């Protein structure tokens, strides 16, 4: 009987050590949260997942604080893509107009080429988001 009690105590101690060594689960980084929110919106587009994405992406972009490097451009392009998709899904001309104005603003400041340089494909993604938004406006 003593031997089984000893083994049980040893097993319990090993589990406690293992649990203590691993610690609590790590919270996702702002970037990980933004990517997860983006994937959730793509999988289940609705007002709730849209607003969740916008909050997470905005927070991650704010924390990153470099809007013109590859990561910062990705945040901007991803936001415009999702906004265009939501404008189309909801038939929201105001949101579509916001996308159109923002993409035009990027082009007006000659940033489209720069964005495409730091994030290959950004130019095409921006054009696609704008085209999607324009379909809602017209």
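Using the alpha carbons of the range 28-137, what is the convex hull volume per residue in cubic angstrom, as a whole number?
Taking only Cα atoms, the range 28-137 has a hull volume of 88 Å³ per residue.
With R₀ fixed at 25 Å, the C-beta to C-beta distance from residue 90 to residue 26 puts the FRET efficiency at about 0.10.
Dividing the alpha-carbon Rg of the range 83-138 by 2.2 N^0.38 Å yields what? Here the answer is 1.11, to two decimals.
Values in this text are rule-based calculations from the coordinates and carry no lab data. What you are looking at is a predicted structure, and each value in this text was computed from that prediction instead of being measured. No Cβ is skipped: glycine too gets one built from the backbone with ideal geometry, and neighbour counts run over all protein chains shown.
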